[in-house]
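To keep things clear, I will list the structure first and then write my remarks on it.
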Amino acid sequence: MSELSLVGQTIGRFEILSELGRGGMAVVYKARQTDLDRIVALKILPPGLTNDESYIARFRQEARSAARLEHPHIMPIYEVGEVAGYHYIAMKYIQGRTLKQLLQQEGALPVARAAQILAQVGEALDYAHRQGIIHRDIKPSNVMITDEGWIYLTDFGLARGTGANSSGLTMAGTVMGTPEYMSPEQAQGLPNVGPPTDIYALGVMLYELLTGAFPFKAETPMAMLAARLVHAPIPPRDVRGDLPPAVEDVIMRALARKPEARFASAAEMVAALRQAVGLSERELSRPLTPQRGMPAVSNAGSQTPPAYGPTTPASQPPAYGPTTPASQPPAYGPTTPASQPPAYAPTTPVTPPPVYVQTPAAPATHPYSASPSAPTPHPFNVPATPAPTAGKRTPVGLIVGLIVGVLLIGGGLTTFFLLRPTTPPVATNPAETHISEGDAALARSQGLDDAITAYRAAVAADAANPVAHSRLAWAYLAKGDWEEALTAAKPLAGINDGAAQAIGEGITGYIYFQLGDVVQAREASERAIDADPSSAIGYALRAAVLATNAADSRNDNLMSEAFTAISDAEDRLATADPLTKAFTQVLLGWAFGQDYTLRQDANVLDQAITSLEQAIDAYPALAVFHYELATIYLSAARDFDSARNEFNAALALDPNFSPAQVGLGWVAYFNSQTDEAEKAFNQALDLNDDESFALLGLGRLAFDDNDMQQAIDYFKQVIDANPYSAVAHAFLGEASLFAGYDATDENVQRELYQQAETAYRAAIARDDYFGFAYNGLGWILQYQDRYAESIEAFEKALQLDNENPEIFNGLGWSLFLSDRYPEAESMFKRAIELDSSYTSAYFGLGRTYEEQGRWDEALATFQTLKQIAPDYPGLDDAINRVSG
């Protein structure tokens, strides 16, 4: 290859920064893509090879093969093109090293680690095979591994399709590949090269990972190639005696000389290896988390707790602990002074409502609650509270760990590319003409309104055309007009076509999800899958809902179900039309983001961002996808600067896009810039006086200022504009609870308590994983002396969040008031274990000992509380009672 270097030059839109690697076919550079201001790995075919049509054809074949594949363990391609005589592929830039480099540096690997690496490669291969693509050059130098253990399969330069997908670049009798890893049929140039060929190479690679050697001995690579045609592989236990026999069996079966004797699929090989090594599916297929250095099964013990309560697409779930303004506690019931209530703001996966993560800034406490902790809300539901003030508790925030780097391949660098929407076909009727006009308008700056006009004309021309209805619904959704989007999608349910019905249900569920109704979104996802199991949108919606529920309840098994749905969606994504595909990628990005909140794995966060970037690449003129990327930065990554940049990018594309203006308000809110937040929320209302998430933001500001009546008014306005928002209903309940607690008129108090109960139940009906709402319901029922119902509500809250001392404290008081003292004692003790300064729990524990006649323990507990809070209401009387 020519030694020509392009470092320091600018090729088209790419500023070449440094050289990353060279192979026999191309050079890979680190470059900055100037129009999108992002770092990429740029693979360039040197001019000296552009006269060789076979090289150019193979270079393009790599792009075509990669473009069909979208998988977490396959590196994505951003763009393919030619400029100034250079053919190039722009790829994701990821920090890491090749598996070959790992082997050179560390030698043979432990069995569990080798199995985990191979499992990730196997998952990628199995996906590629199901898409009809055979890699044909599986080897360690074509596998990238990050420092956290995440695997990326690269270099599809020799890939070919099966059956009708075959490119015909390689004729029978031609040997292509790397000799040490070739299968016998590949070595002979036979025409029956299929998935078993990649499985054979996978077996060689596993052999090498575990032994540091190859299964055949020969002086040269070509002699080694010939050896596999006549000799059996050297058993790996002859080289490494401590290998389990079952692992050797997996390797030897993968290396069978006849293709039909090998595993039927890469997935079958991975499953067999899992059983042989004795690891669970989750342990085998998912790498170690960088934070904890162990498989992430739960967040117990993590310094940064995930969001505790369910969250919905359109608004972030509120903080969990009930809180109430300071006032005289009822008999025997401790009360704590009002403190900052948890922050809650809307957020949404795919459109308007911004995504907001909640970081409680010491919420105010309920009369029996000392210092509740509020979980971090999710981007599709509620915003987090602003930065804590001195003296107030707040959980540790999420730490952003984005990793960027390069992907090296043996012989070059490669990864996959995202196909942009193709030029629409020549229209054959008026409806198709209008659809084509709409599609073209979406590619233009400020073209969304024109696209909507064109799609409306298509619907008018042919009311039975499902494409016209789906395009119109997606376009309204991109504009943030929820009601119009729902109306446009509704006719799809009446079309006698499963694919059309699936799209209709997917759009409808997507909207419910964004607006905050997780229950209806979940039901829509199942209807979409039932209508058309081959459609990606239903599975992506299922993944987003499951991942949100999993993060809210810190349920690792539920997150595994979400990843199954992600895989199901990815398997079907290639057949989606470009616009549906882009919105589907937003849902998948949201699901990855929720996994990050659960496990804080930077690689998963990178997958989330990549999904959104692909949607932006496909439709760079649409503000909505920048907005959605901003919600990922804001909710999952807590990267406020990046979130602000993306919200501003959305407004630059569409100055009237009110959700982005709301997003800027939440960025200010989380940075404790309340004046700036209020200004931004009001500016959003100037753009759209029905912008419910701006009203929610203003309600939160009033709530934080302890102006409960003003907060109630705002939350009611939110519900009028968006009755689907679980968060709005929950905060109406919270504000009503506080207002009722301070009311001096019994009739007014009764009405406010009833309003709070109704609101909490409405929130739960819309999001049945909403721990904050269950917790609030438990408190309001307790205030109404309905202790049995209160206990039931608190127990449900604990199922969703068993790390929140506020819930344990509330349950303790309901048990205490039900004369169930031993059970109350255990709840108060657990609350204190979780928060050693929880004054209400200390008082409750002391009262529990007192009621059981355990005077010494009661006195000791009250004296401890005296040291923490000398002026705690009723404490001196309690000490006098038990010390006399």
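General remarks:
- Selection over the range 530-556 of residues that are more than 14 Å from the chain's Cα centre (by Cα) and acidic (Asp, Glu) gives a count of 2.
- Elements of type helices (runs of 4 or more DSSP H) in the range 606-683, at least 3 residues being within 26 Å of PRO76 (Cβ to Cβ) and modelled with pLDDT of 95 or more: 623-632, 640-653
- Within the range 265-291, the set of residues being among the hydroxyl-bearing types (Ser, Thr, Tyr) and modelled with pLDDT of 55 or more comprises SER265, SER280.
- ASP517 vs. criteria touching a strand residue (DSSP E or B) at 6+ places or on another chain (Cβ under 9 Å), at negative phi, charged (D, E, K, R) and in contact (Cβ under 8 Å) with a residue 40 or more places away in the chain: yes
- For the range 535-580, filtering for residues that are touching a Pro at 6+ places or on another chain (Cβ under 6 Å), among the hydrophobic types (A, V, I, L, M, F, W, C) and not in a helix (DSSP H, G or I) leaves 0.
- Being within 18 Å of the chain's Cα centre (by Cα) and basic (Lys, Arg) holds for only one residue in ARG527, ARG522, ARG572, and it is ARG522.
- Condition check for GLU79 on (1) surrounded by fewer than 19 Cβ atoms within 10 Å (Cβ to Cβ); (2) acidic (Asp, Glu); (3) touching a Phe, Trp or Tyr at 6+ places or on another chain (Cβ under 7 Å): one failure, at (1).
- Put simply, of ILE764, ILE780, ILE791, ILE807 the only residue that is farther than 29 Å from GLN867 by Cβ, touching a residue at least 40 places away in the same chain (Cβ under 8 Å) and part of a helix (DSSP H, G or I) is ILE780.
- Sole residue being out of contact with any strand residue (DSSP E or B) (no Cβ under 8 Å at 6 or more places or on another chain) and farther than 27 Å from HIS129 by Cα, chosen from LEU573, LEU579, LEU587, LEU622: LEU622
- Filter result for SER836 (more than 20 Å from ALA788 (Cα to Cα), in contact with a helix residue (DSSP H, G or I) (Cβ under 6 Å, 6 or more places away or on another chain) and hydroxyl-bearing (Ser, Thr, Tyr)): no
- Single residue of the range 211-232 satisfying the filter (modelled with pLDDT of 90 or more and part of a loop (DSSP other than H, G, I, E, B)) that is surrounded by the most Cβ atoms within 10 Å (Cβ to Cβ): PRO215
- Single match in GLN585, GLN661 (criterion: farther than 26 Å from ALA502 by Cα and either among the β-branched types (Val, Ile, Thr) or touching a Leu at 6+ places or on another chain (Cβ under 9 Å) (or both)): GLN661
- Pairs meeting the criteria (first residue in the range 568-579 and closer than 13 Å to GLN614 by Cα, second residue β-branched (Val, Ile, Thr) and buried (at least 18 other Cβ atoms within 10 Å of the Cβ), beta carbons under 7 Å, at least 6 apart or on different chains) are LEU573/THR584.
- Only one entry in GLU526, GLU505 is among the charged types (D, E, K, R), at pLDDT 95 or above and under 15 Å from TRP474 (Cβ atoms), namely GLU505.
- Filter result (among the hydrophobic types (A, V, I, L, M, F, W, C) and surrounded by 24 or more Cβ atoms within 10 Å (Cβ to Cβ)) within the range 726-751: ALA726, VAL727, ALA728, ALA730, PHE731, LEU732, ALA735, LEU737, PHE738
- Selection status of TYR872, outside any helix (DSSP H, G or I) and either closer than 17 Å to GLU823 by Cβ or touching a residue at least 24 places away in the same chain (Cβ under 8 Å) (or both): yes
- Leading residue by the ranking (farthest from LEU448 (Cα to Cα)) among those in the range 651-682 that are touching an Asp or Glu at 6+ places or on another chain (Cβ under 9 Å) and free of Cβ contacts under 8 Å to residues at least 24 places away in the same chain: ALA668
- The single condition among (1) more than 10 Å from the chain's Cα centre (by Cα); (2) buried (at least 24 other Cβ atoms within 10 Å of the Cβ); (3) acidic (Asp, Glu) that ASP595 does not meet is (1).
- Number of positions in the range 65-75 that are touching a strand residue (DSSP E or B) at 6+ places or on another chain (Cβ under 8 Å), part of a loop (DSSP other than H, G, I, E, B) and at pLDDT below 80: 2
- Test: PHE843 is under 30 Å from LEU598 (Cβ atoms), of a type in the set (Phe, Trp, Tyr) and either surrounded by 24 or more Cβ atoms within 10 Å (Cβ to Cβ) or at pLDDT 95 or above (or both): no
- Filter pass, ALA499 being out of contact with any Phe, Trp or Tyr (no Cβ under 8 Å at 6 or more places or on another chain), over 27 Å from SER445 (Cα atoms) and in a helix (DSSP H, G or I): yes
- Condition broken by LEU587, with the remaining ones in (1) modelled with pLDDT of 95 or more; (2) surrounded by fewer than 24 Cβ atoms within 10 Å (Cβ to Cβ) satisfied: (2)
- Qualifying position, being among the hydroxyl-bearing types (Ser, Thr, Tyr), within 22 Å of ASP713 (Cβ to Cβ), modelled with pLDDT of 95 or more and out of contact with any His (no Cβ under 9 Å at 6 or more places or on another chain), among TYR849, TYR774, TYR753, TYR821: TYR753
- Single residue of the range 448-494 satisfying the filter (in a helix (DSSP H, G or I) and among the charged types (D, E, K, R)) that is nearest to the chain's Cα centre (by Cα): LYS479
- When the residues of the range 90-120 are filtered to those that are farther than 23 Å from ASP242 by Cβ and of a type in the set (A, V, I, L, M, F, W, C), the one that is modelled with the highest pLDDT is ALA90.
- Test: residue in the range 163-173 that is surrounded by fewer than 22 Cβ atoms within 10 Å (Cβ to Cβ), within 42 Å of the chain's Cα centre (by Cα), modelled with pLDDT of 80 or more and not in a loop (DSSP other than H, G, I, E, B): no
- Exactly one residue out of ASP720, ASP675 is touching a helix residue (DSSP H, G or I) at 6+ places or on another chain (Cβ under 9 Å) and more than 24 Å from VAL519 (Cα to Cα), and it is ASP675.
The values are calculated or read from the model by the stated rules, or taken from the named source; none is laboratory data. Computed from a prediction, not measured in an experiment: that's the story for all the values here. Positions of Cβ are backbone-derived with ideal geometry, glycine not excepted, and every protein chain shown enters the neighbour counts.
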